[in-house]
Amino acid sequence: MSDLLMLAQADPTGFGSPLGRIVVLVALLASLVTLVRLWIRYRKR
């Protein structure tokens, strides 16, 4: 149990875990796609 507590203190956000990295990557890709789509839409006007 103390190992789990130390792990939680070392990485309180959870971004160090593989699942956390995947979540961050998906969020970054989604925001990038949204920005590119908006840029293309408003560039044509």
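Summing charges over neighbours of LEU29, with a neighbour being any other residue whose Cβ is under 15 Å away from its Cβ, gives +2 when K and R count +1 and D and E count -1.
The HN-Hα couplings worked out from phi for the range 27-40 by the Karplus form 6.51 cos²θ - 1.76 cosθ + 1.60 (θ = phi - 60°) are 5, 5, 5, 5, 5, 5, 4, 5, 5, 5, 5, 5, 4, 5 Hz, whole numbers, x standing for Gly and Pro.
Read-outs: derived from the displayed coordinates by stated rules, not from any lab. Small disclaimer: the values here were computed from a predicted structure and weren't measured. Ideal geometry is used to build each Cβ from the backbone, glycine not excepted, and the neighbour counts take in all protein chains shown.
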